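Read the figures in this text as sums done on the coordinates, not as results from a lab. Note that this is a predicted model, so its numbers are computed, not measured. Cβ placement follows ideal geometry from the backbone for every residue including glycine, while neighbour counts extend to all protein chains displayed.
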């Protein structure tokens, strides 16, 4: 595809890195000549220096022949206008990153010539709200319209999972579960039935939401939280508090900017807003940190989120979540039983890559979702199967698929099937593929030729 990326910041850079690996023809547009020059020198792409809302600049970037324009500057207004201008000039599709709550609410249902609105702060807030359902989970991601969930947990010593062979997991638990990926130290496995779990393995389980809930209960893992402290009144904090306001959870936001505090107070009736420095440990303790079930670091600066989250973890808060966009800093924080990391940058890139691959779907079904795990080393792909899939109705035990690839779930008519050897993929099924390889939009590529 011919793709124009408007905006050479962190998101634009990460997008270009991902898209260039998939051999798209890319042009980056930004007013900062040094950023454009750096990306052109690093990747095999073209660059145009200038304002991305200028028709002349977009024409220089080849907008008339482009299949897709992605506007991901730091300004919502510029992203929206850039897409509108590009559409008038003949671009195929447009994607705009829109983060402000007022714009997202105003424009999400309005026809502006946009093919897709990406609101990573909102999606990140929804990810955090899912994690708060099961504090023992490190990650939770829904698939197939919520019919399937992929949950990451750590195997603790002497737990029922410790030293358990995977083929015995459905004898040990009444729930229908499938372990689809395992990280053990620096090693990553797409396991088969002979694989034996060990203490401190990080494992990814696919199951229905109901079975996930029952599994956590059977494991004796806590469910739900009642009191939450949020450091930073960011857009993500706003969306999260809005979601928490629908429940009986008591939430408190600490934000240093007085204008932001005023906005939050006016728009979040059920949330307590404290105007103060969230990195002030004395303030956190005075505001009852010790009594909180969860602490979430959502300041605009990664380092602040790490520092405040580490302090909360040291004070014994049951669930601690930090927003960290810089991968090198994320390693400092780490993910443990009660600690999770979320990344707005990663959320944005995954949403856009999913759209791009979906446009290129060819062979076997429509690509509908992408989720990366284990430092982006493993991909979970969701496909809606078509009659062009070359192994329809073939029992999985007779299916030859490529190494390090697993069919993790089949959803048929809204019902989850945890795959067994006698199950087969049918037309219109939704399937989840877990893999160490890369399948850009083609389900037939999982088959061994």
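A few points about this structure:
- The distance separating the Cα centre of region 382-449 from that of region 123-144 comes to 25 Å.
- Tail fraction, Cα-Cα pairs, region 136-219, threshold 20 Å, whole percent: 25 percent
- The modelled label-to-label distance between residue 213 and residue 403, using points 7 Å beyond Cα along the C-beta direction, is 4.2 nm.
- Listed from fewest to most Cβ neighbours within 10 Å, the set 376, 211, 30 follows the order 376, 211, 30.
- In the chain, the DSSP beta bridges split such that about 50 percent are antiparallel, to the nearest 5.
- Residues of region 238-263 with amide N under 20 Å of the 7 Å Cα→Cβ point at residue 226: 244-253
- Relative contact order of the chain, defined on C-alpha pairs under 8 angstrom at six or more residues apart (%): 11 percent
- Ranked list, fewest to most other Cβ atoms within 10 Å of each Cβ, for 323, 400: 400, 323
- Sorting the Cα pairs of region 1-127 by distance into bins of 5 Å, from 0 upward, gives 2, 12, 24, 24, 20, 12, 5, 1 percent per bin.
- Computed log₁₀ I(q)/I(0) - Debye formula, equal Cα scatterers, no solvent, region 43-88, q 0.16, 0.21, 0.29, 0.32 Å⁻¹: -0.40, -0.68, -1.22, -1.36
- For the chain, the equivalent ellipsoid built from the Cα gyration tensor has semi-axes of 34, 33, 18 Å, listed from largest to smallest.
- Region 228-342: Cα Rg divided by the 2.2 N^0.38 Å rule of thumb: 0.97
- Fully extended contour minus Cα-Cα distance, from residue 174 to residue 32, at 0.36 nm per residue: 45.3 nm
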